[in-house]
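The values are calculated or read from the model by the stated rules, or taken from the named source; none is laboratory data. No experiment lies behind these values; they were computed from the predicted model shown. Here the Cβ positions follow ideal geometry from the backbone for every residue, glycine too, while neighbour counts run over all protein chains shown. What goes into the accessible areas is simple: the full protein's heavy atoms, side chains included, and nothing from ligands, DNA or RNA. Shrake-Rupley method; radii C 1.70, N 1.55, O 1.52, S 1.80 Å.
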Amino acid sequence: MNFDISPDHETFRKVVRGFAEAEITPHAARWDQEHHFPVEIMPALGELGIFGLTAPEEYGGAGGDFTSLCVAIEEIGRVDQSIGITIEAAVGLGINPILTYGTEEQKQRWLPDLVTGRALSAFGLTEPGAGSDAGATATRAVLDDGEWVIDGSKQFITNSGTPITSCVTVTARTGTLPDGRAEVSTIIVPTGTPGFTVGPAYDKLGWHASDTHPLTFTGCRVPADHLLGELGRGFAQFLATLDDGRIAIAALAVGCIQAMLDQSVAYANDRIAFGVPIGSKQGVAFQIADIKVMADAARQLTYRAAALRDAGRPHAEIKQAAAVAKVFATESAVTATRIAAQVHGGYGFMEEYPVVRFYRDAKVLEIGEGTSEVQRMLIARGLGLPVE
């Protein structure tokens, strides 16, 4: 089967690439160095329609497909991984759960600002004691006099503390199932709600220009109608949300790989050693050729998964394709940045070259939205293996 994207998608790619190179590339190194979340670029991204790609027109969106979102994330990620993950989290983890599971009232309240970039939202899943083991959620929510009272903490939550963050959707234990497992539900918590505290931003290895914070909930009260979807369906909701997110993270990784290919080819043609461009040496040229192989393979796997998602194929098929795309693309991105740094030699260790920023940014791709180990577990289970 051919999963090449359509001419319309390629036209859209050119638009996003032009925007990224004009509006993001000149500032990316400074944003990274200053650990600055560029809230000033969000309205422009909104005007470009990126936040509203998957949202229906009645909420201000474009009514587009998931493949378009992947194209946008790839192209933005090609120049700045921090802005790429900001978009991925804003749409995949912020907008999509409300769009998919929200009531009409919830959609009307939150989506118009979110799809235009006037606001951002976050998804509070990960906890200090429950990373990959999301079923071990300790945050609790108790219904009291028509309000949910939330107590607990979350960590590593993207877009949760920006000046324009409007809400965070959190998972919480709302009871116990007959078999003794936790009943997990999702609840929308508006920014500024008493008892909802956003901790100081993390000092991260990479993604310096993205916004990431720990969150604490202490007697935090929100109306009962802030429940997102059905009571007790939170676990199923975030698993489906993560499947989409894994495809989007794979697209971000493809952007990273492509950046390393572009930068390595340019440097290998310009850098003269022993009287010739270093790209004429097999030791360099063959490594760059390997990046090309990774870029093509990762892109095909990613857009195959996106195409399956757009076609509405069975959930198990999409889950498998998403896991395959994520594990290959993200691990390839880490390898591609290592190769690119080696091609650049000593300059590959200097912050003045973008390759260094991509090198730092790449590692978390293997961790966020489900680690490589989790992806391999899902793939193995999909093959019928009884892996734990």
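Results, tabulated for the structure shown:
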{"quantity": "Selected residue [within 21 Å of Ile367 (Cα to Cα), surrounded by 16 or more Cβ atoms within 10 Å (Cβ to Cβ), small (Gly, Ala, Ser) and in contact (Cβ under 8 Å) with a residue 40 or more places away in the chain] from Ala307, Ala298", "calculated": "Ala298"}
{"quantity": "Output for the stretch 107-132, where each listed residue is of a type outside the set (Asp, Glu), open to solvent by 10 Å² or more (accessible area, probe 1.4 Å) and farther than 24 Å from Glu21 by Cα", "calculated": "Lys107, Gln108, Arg109, Trp110, Pro112, Phe123, Leu125, Thr126, Pro128, Gly129, Gly131, Ser132"}
{"quantity": "Filter result for Gly384 (outside any helix (DSSP H, G or I) and modelled with pLDDT of 95 or more)", "calculated": "yes"}
{"quantity": "Matching option when the condition is modelled with pLDDT of 95 or more and open to solvent by 30 Å² or more (accessible area, probe 1.4 Å), among Glu104, Glu88", "calculated": "Glu104"}
{"quantity": "Close pairs from the stretch 259-282: first farther than 26 Å from Gly84 by Cβ, partner of a type in the set (A, V, I, L, M, F, W, C) and part of a helix (DSSP H, G or I), Cβ under 6 Å, at least 6 apart", "calculated": "Arg271/Ile278; Ile278/Ala268; Ile278/Val284; Gly279/Ala268; Gly279/Ala285"}
{"quantity": "Checklist (1) under 30 Å from Lys363 (Cα atoms); (2) modelled with pLDDT under 95 applied to Gly52, failing item", "calculated": "(2)"}
{"quantity": "Hey, Ala29 open to solvent by less than 50 Å² (accessible area, probe 1.4 Å) and modelled with pLDDT of 95 or more or not", "calculated": "no"}
{"quantity": "Residue check, Pro214 at pLDDT 95 or above, over 24 Å from Leu231 (Cα atoms), assigned to a strand (DSSP E or B) and open to solvent by 30 Å² or more (accessible area, probe 1.4 Å)", "calculated": "yes"}
{"quantity": "Close pairs from the stretch 219-241: first in contact (Cβ under 8 Å) with a residue 12 or more places away in the chain and assigned to a helix (DSSP H, G or I), partner open to solvent by 60 Å² or more (accessible area, probe 1.4 Å) and among the hydroxyl-bearing types (Ser, Thr, Tyr), Cβ under 7 Å, at least 6 apart", "calculated": "Gln237/Tyr101"}
{"quantity": "Pairs, first within 15 Å of Val168 (Cβ to Cβ) in the stretch 103-119, second in a helix (DSSP H, G or I) and among the small types (Gly, Ala, Ser), C-beta under 7 Å, six or more apart", "calculated": "Leu114/Gly94"}
{"quantity": "Filtered residue count, the stretch 271-321, keeping only those that are farther than 30 Å from Leu242 by Cβ and not in a helix (DSSP H, G or I)", "calculated": "8"}
{"quantity": "Members of the stretch 242-274 that are among the aliphatic types (A, V, I, L, M) and at pLDDT below 95", "calculated": "Leu242"}
{"quantity": "Filter result for Ser166 (polar (S, T, N, Q), touching a helix residue (DSSP H, G or I) at 6+ places or on another chain (Cβ under 7 Å) and either within 26 Å of Ile85 (Cβ to Cβ) or surrounded by fewer than 22 Cβ atoms within 10 Å (Cβ to Cβ) (or both))", "calculated": "yes"}
{"quantity": "Tally of residues being more than 18 Å from the chain's Cα centre (by Cα) and open to solvent by 30 Å² or more (accessible area, probe 1.4 Å) across the stretch 135-163", "calculated": "13"}
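So that you can scan it fast, the table gives a plain yes or no per residue for (1) surrounded by fewer than 20 Cβ atoms within 10 Å (Cβ to Cβ); (2) aliphatic (A, V, I, L, M); (3) assigned to a helix (DSSP H, G or I):
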site: Asp8; (1), (2), (3): yes, no, yes
site: Thr11; (1), (2), (3): yes, no, yes
site: Val15; (1), (2), (3): yes, yes, yes
site: Ala22; (1), (2), (3): yes, yes, yes
site: Leu45; (1), (2), (3): no, yes, yes
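Conditions (1) part of a strand (DSSP E or B); (2) touching a residue at least 12 places away in the same chain (Cβ under 8 Å); (3) aliphatic (A, V, I, L, M), marked per residue:
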site: Thr162; (1), (2), (3): no, yes, no
site: Pro178; (1), (2), (3): no, no, no
site: Ser185; (1), (2), (3): yes, yes, no
site: Val189; (1), (2), (3): yes, yes, yes
site: Pro200; (1), (2), (3): no, yes, no
